[in-house]
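Values quoted throughout were computed directly from the atomic coordinates according to the rules given, and no laboratory measurement underlies them. Everything numeric in this text was worked out from a predicted model, so none of it was measured. Ideal geometry is used to build each Cβ from the backbone, glycine not excepted, and the neighbour counts take in all protein chains shown.
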C-alpha cells in the first residue's frame, strides 16, 4: 500500500537509527523492509518488529493510519525522551504491544484502555513509568498477558488486585518490583480463572496470604518472594494441584509446612517442581509426605527454624537437583536414601546439627554432584567413613567417579596420604576452584598440564613437593605456602600466568632469584615468598605493579639494595623484607602521593645510613621495624607525624581491611619484638602498633614528639648509643605495653610520669647511666624485677638493694627496730602520770621527816621499776615483730 509506505518513511524520519538497522527501508515494496510484516492477501502492514534495533528519537503519529496494525514491538530501544504516545490508544486492531526495556517515562496514558482487542501488553523495565490508577485496564476484554515489572504502582495501593480481577482471560501477570505495599484480602468473586502465572516478587506487600488465592486453581507459577507476607502458609495451598513453581522465600511467614505438604502429596499427579521457602520463620519437622513430590527439582528451606531429622522418604525425589537446607536446627543422621538422588547437583546442609556417619551408600551414586557443603556444631560429630581403595587410602571411590566437579573443597579434613599425579591431572583439567588446604597430603603435581578453567588453587599447609605448577595459565589466586615445593620460579612466569592476583609461596624450599617478569602481572595484589631460599637481588621493576598491596620476601638470602621502585607503590600496605642480607640506604617513599604503608619491616639486614625523614610521611604506619641493622644518626623529630599511632585511626577503609583480612592476613606471619621476646602475629597482624629501632648505632636524644604517639603498644630503642635524659612526658604513651631502652647512654632521673603507664607489662632500663630514686606506684609496683634497672650504679630504691639518701640504715630497717618513738612516748606518759598521781596523794607526807626518808627510798625504787618495765615492753615488741616477719 503506497499510503502506508509513505507513513512508514515519515515514521522513520523521526527516529535516530544508531546502527543503520532501517537502511533496508528503501524501494517501493515496504513489505520487504526489515522489521515490517504484511498480510499476504491484502498487502496491508500488520506488524512492526523493531525490538532491539537501538532506535531513539521521536515517535511520530505517522503510525496512526496503519489501522490494520496488530503487532507493534518497540522493545529494547532508547526512547528516553518520550512518554508513551497517546495515539497508540487509537490503533484499534492492535493485539500485541511490547514497549519493554525502552526507557519510556511519565504516566501510562489511560488511552491504552481503548485497545479492546489487546491480548499482550508488556511495559516492563521502564523504570520512569508510573500509574496513579489501573482503571484503564478495565476495557481490555481479551487481555492474556500483562507485564508491568518495575513500573511504579505505589499510588495504586491495594486496588491493583480488583483491577486485574476483571480479566477472566488473563493467563500471565507480572507485577514484580512495582512498589506495591498492600492487596485486597477479600474479593467479592474471583474472575482470574485462567491465571497460570502470578509474579509479585520484590515489592513491600505487608499482608497475610489472601484467601482468594485458593480459587486460582489453574495457577502453575506463584512468586511471592522478597515481600513482607506474614502469618502461616495456609493448608489450602496444597489444593493448587497444578502448581509447578512456588517461591515465597524472604518473607515473614511462620508455622509449619506439614499440612500444606500433606495436601500437595495427596494431589493426583502433583506437578510441583520448585519450592522455595527459605529466609522465613518457619519451624517444625519435615514430613514424610515430602517424598511424594516426585517431580520436585529444587527445594530450598534455608535460614528457618526446622528441627528434627531429614525423612528417609527424601530418597524418593528422583528428579531433585538442588537441595538447600542450611542454617536450621536439623539434627540426627543423614539418611542413606540420599544415595538415591542421582540427579543431585547442589547439596547444602551447613549450619545444622547433623551427626553420624557418611558412607559409600550416601555418596556412591551422586555422579552429578557439583557442590557438597557440610558442617556441624562443635558438640556434634559428622564422620566420613568411605573406602580407600583407588589411589590413596584417604580418597574414596565416590570422588573418583565424579565427572562434573567444578570446584572441590576438602580442607582441614585430616587427609594424610600419598596421591598419584594422574588424579590431579583429571581434577585440574575441569575444575575452576580446588581447595585441599590444611591436610597432610604428600604428592607431586603434574609437570605439565593444559588447564584453562582453574581460577583459584589452594594447596597450602600440606606436604606437596617437586616443581611448582606454573602451568595454571588463567589462575588468579594460587596458595602453595607451607609445603615442600622446591626448584626455581621460571624467568617467564609473567607471560605464563598473566592473570595472577595472589601468589603465596612462603615456607617452602624454593631457591634462585625472583625473576623480573613478575612485574608483568599487572593485576598482582599479594605476593608472599618469605621463608624460602631465594638469593640474589630483588628486581627493580615494581613501579609496574601499582595494584600491589602486600610484598613479603622475608627470611631468605636476598642481597643488594632495596629497589627504589618499591617507594613508588602508592597502594602498598605491607612491605616485609626482614632477615635478609640487604645493604645500602633505606629508599625514600614518594611523599607527593599519600603512601598507605601499614607495616614496614626491614629488620635483621645490613642497612646503613640515616633514617630518612621522608619516612615521616607514612602517616598510617602501624609497625615500623628497622632493628638489627647498621643505621646511624638520630631519630627524626617528625616521627610525631605518625597520625595512626597518635590518634589510633587507620589509613585503610573497611573494604581494604576486609580484603586484607580475608585474603592475606590469615596466611602471613609477622615477627614482632615485644615484651622481651619475639611474638608471631598472623590473624591479629593489623592490631600491631610497634616501633622497633633496636640493635643499631643510633645516637642523640629521644625527640619529645615521639611521646605524642599515644596508641603505641611497643617501643624498643635498646642497644644503640642514645644519650640525654628519658623524656619527662614519657607517661603520655598511655597505651604502651612494652618499653625497652636498655643498653644505651641515657642519664638523669627516671621520669615520675613512667608510673602513669597503667598498661605497661614489660620494662627494660638496664645498662644506662640513670640516677636517682626509682619511681613507684601504679603499674611499676608489678615490675619489681631488679634486672629491669641493673647496670645503672647511680640508681637507688626498690627493687634495688641500694638505698637512697634519707632512707633508713640497711642494718636496722624500720620494720625491725623494736618500739617506735610514738610507742616509747606513750609508755613514758603513762609513767609520768602515775608519778604525778602518787605525788598528789603522798606529797603532804613528805614534809614529815619520818616519812621523807621512806618516800625517797620509795621513789628511787619506783624509778628502777619504771625503767625496767619500759625495757621489758620494748623487748616484747621486738619479739612480736620477729614472729610476724
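Working from label points 7 Å from Cα in the Cα-to-Cβ sense, the residue 268 to residue 794 distance is 10.9 nm. Here the range 200-233 is scanned for amide nitrogen atoms under 20 Å from the site 7 Å beyond the Cα of residue 242 along Cα-to-Cβ, giving 200, 210-224. Packing-based ranking of 106-113, 344-351 yields 344-351, 106-113, ordered from highest to lowest mean Cβ neighbour count within 10 Å. When only alpha carbons are used to place a centre, the range 205-223 and the range 559-597 end up 65 Å from one another.
Going from the fewest other Cβ atoms within 10 Å to the most, the residues 464, 642, 428 appear in the order 428, 464, 642. Peptides 257-269, 28-40, 520-532 ranked from most to least packed by the mean count of surrounding Cβ atoms within 10 Å: 520-532, 257-269, 28-40. Label-to-label distance, residue 19 versus residue 448, with points set 7 angstrom from Cα along the beta-carbon direction: 4.3 nm.
Given R0 = 41 Å, the distance between the Cβ atoms of residue 184 and residue 343 translates into a calculated FRET efficiency of 0.50. Legend: ranking of residues 156, 26 from fewest to most surrounding C-beta atoms inside 10 Å; resulting order 26, 156.
Using R0 = 56 Å, the C-beta based FRET efficiency linking residue 355 and residue 133 works out to 0.45. In terms of surrounding Cβ atoms within a 10 Å radius of their Cβ, 167, 254 rank from fewest to most as 254, 167. Taking 0.36 nm per residue of separation and subtracting the Cα-Cα distance, full extension of the segment from residue 747 to residue 540 would add 70.1 nm.
Subtracting the Cα-Cα distance from 0.36 nm times the residue separation, let me have the gained length for residue 409 to residue 105 in nm, one decimal. Mind dumping the intermediate values first?
Details: separation 304, 0.36 × 304 = 109.44 nm, distance 4.87 nm.
Full extension from residue 409 to residue 105 adds 104.6 nm.
Stretching the chain fully between residue 154 and residue 288 yields a gain of 44.0 nm (0.36 nm per residue, less the alpha carbon separation).
Mean sequence separation of contacting Cα pairs (under 8 Å, at least six apart), scaled by the length of the range 153-278, corresponds to a relative contact order of 19 percent. Here the spin labels are modelled as points 7 Å beyond Cα on the Cα-Cβ line, and at residue 533 and residue 440 they lie 2.4 nm apart.
How much FRET efficiency would the formula 1/(1 + (r/R0)^6) give for residue 638 and residue 585, where r is the Cβ-Cβ distance and R0 is 25 Å, rounded to 0.05? Don't skip to the end; give the middle numbers.
Working: r = 18 Å, r/R0 = 0.71.
Using R0 = 25 Å, I get an efficiency of 0.90.
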